[in-house]
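Visitor: I have a structure here, written as structure tokens, and I will follow up with some questions on it.
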């Protein structure tokens, strides 16, 4: 099932249980998987048209009256375009608004550089009080949505829209503020967010064949980051690699480096090197940005060599 379909299912369950939960679209309900919900929830679905800043302001207004609004659009429009409204009307005013940004980073694909938001995490991470969450698969998203809905405050959900490979199985226990350890090792720590998690696991398994054991963590919540997990893993391995579908400035690499700033542990960042995106399909873009298992392996070895 596509991630947007899982998100829509979760939202339908939340809206059935609580009439105060509502969704605000900016003419992208079809793209984001929620168009079919309009006939089912006519009093909880609102399309404001191509007016994202107005959408965020309406969401803040609804929250001030006790509603639980989810404002959603492509990541570029859900962060850059509405930054001031998120900062002042939502975060500063302490309004309980959830912001959903879809097609993060290279997954904007053929929409190209204007939509390829490699800075969305950095934009919102600098605003006080915002929680930033990026699910890796359907299981994690399903587990997370009720918890996020119950959280009183602004949460940014960085949502991949299409089908995602399974990482977590039955019995998975989700904690919004705790990272998930996926592999245990003592040679290098790898912290990864979002859809690059499966590529990191492939790289870790190949490195194990070479005698290199990786301590792999999926950092699903980038703000506030799980400091305890980062510190403990880095202390154990003495070398760190971060992998993210985002600019290395302001995202996961920055968050991890901030935690380890006073230590002498080397931190290597694999992300987008302060450049714009471009038109292309994901296999091509993985090569362009170095998001391949082979490059992850090389970067892990670089981190180990820097000990």
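The values are calculated or read from the model by the stated rules, or taken from the named source; none is laboratory data. None of the values given here were measured: they were computed from a predicted structure. Cβ coordinates were reconstructed from backbone atoms using ideal geometry, including for glycine residues, and neighbour counts include every protein chain displayed.
Visitor: Within segment 38-60, track down each residue that is out of contact with any helix residue (DSSP H, G or I) (no Cβ under 6 Å at 6 or more places or on another chain) and in contact (Cβ under 8 Å) with a residue 24 or more places away in the chain.
Guide: 40, 43, 46, 50, 51, 55, 58, 59
Visitor: Can you tell me which residue among 127, 222, 190, 212 is assigned by TED's automatic domain parsing to the domain that holds residue 298 and part of a loop (DSSP other than H, G, I, E, B)? If you could, list the steps in order and put the result at the bottom.
Guide: Numbers: 127 fails: assigned by TED's automatic domain parsing to the domain that holds residue 298; 222 fails: part of a loop (DSSP other than H, G, I, E, B); 190 fails: part of a loop (DSSP other than H, G, I, E, B).
Unique residue meeting the criteria: 212.
Visitor: Within segment 190-205, is even one residue in contact with a helix residue (DSSP H, G or I) (Cβ under 9 Å, 6 or more places away or on another chain) and over 26 Å from residue 292 (Cβ atoms)?
Guide: Scanning segment 190-205, I find no residue that is in contact with a helix residue (DSSP H, G or I) (Cβ under 9 Å, 6 or more places away or on another chain) and over 26 Å from residue 292 (Cβ atoms), so the answer is no.
Visitor: Okay, moving on. Please tell me if residue 172 is in contact (Cβ under 8 Å) with a residue 12 or more places away in the chain and assigned to a strand (DSSP E or B). Spell out the reasoning first.
Guide: Working: in contact (Cβ under 8 Å) with a residue 12 or more places away in the chain: yes; assigned to a strand (DSSP E or B): no.
No, not satisfied.
Visitor: Here is a list: 285, 231. Which entry is out of contact with any strand residue (DSSP E or B) (no Cβ under 8 Å at 6 or more places or on another chain), modelled with pLDDT of 95 or more and buried (at least 19 other Cβ atoms within 10 Å of the Cβ)? Even if it seems obvious, please write down each step before you answer.
Guide: Values: 231 fails: buried (at least 19 other Cβ atoms within 10 Å of the Cβ).
Just a single option satisfies the conditions, and that option is 285.
Visitor: Shifting gears a bit: Just to check your reading of the model, which residue among 193, 189 is within 23 Å of residue 246 (Cα to Cα), over 14 Å from the mean Cα position of the chain (by Cα) and touching a residue at least 40 places away in the same chain (Cβ under 8 Å)?
Guide: Only one candidate qualifies: 189.
Visitor: So is residue 261 outside any helix (DSSP H, G or I), free of Cβ contacts under 8 Å to residues at least 24 places away in the same chain and in the same structural domain as residue 200 (by TED's automatic domain parsing) or not? Steps first, answer last, please.
Guide: Working: outside any helix (DSSP H, G or I): yes; free of Cβ contacts under 8 Å to residues at least 24 places away in the same chain: yes; in the same structural domain as residue 200 (by TED's automatic domain parsing): yes.
Considered against the rule, which asks whether it is outside any helix (DSSP H, G or I), free of Cβ contacts under 8 Å to residues at least 24 places away in the same chain and in the same structural domain as residue 200 (by TED's automatic domain parsing), residue 261 comes out as yes.
Visitor: Counting only residues that are under 17 Å from residue 213 (Cβ atoms) and part of a loop (DSSP other than H, G, I, E, B), which one in segment 226-242 is farthest from the chain's Cα centre (by Cα)?
Guide: Among residues in segment 226-242 that are under 17 Å from residue 213 (Cβ atoms) and part of a loop (DSSP other than H, G, I, E, B), the one farthest from the chain's Cα centre (by Cα) is 238.
Visitor: Identify, please: which residue in segment 107-122 is touching a helix residue (DSSP H, G or I) at 6+ places or on another chain (Cβ under 6 Å) and at pLDDT 95 or above and is, among those, surrounded by the fewest Cβ atoms within 10 Å (Cβ to Cβ)?
Guide: 120
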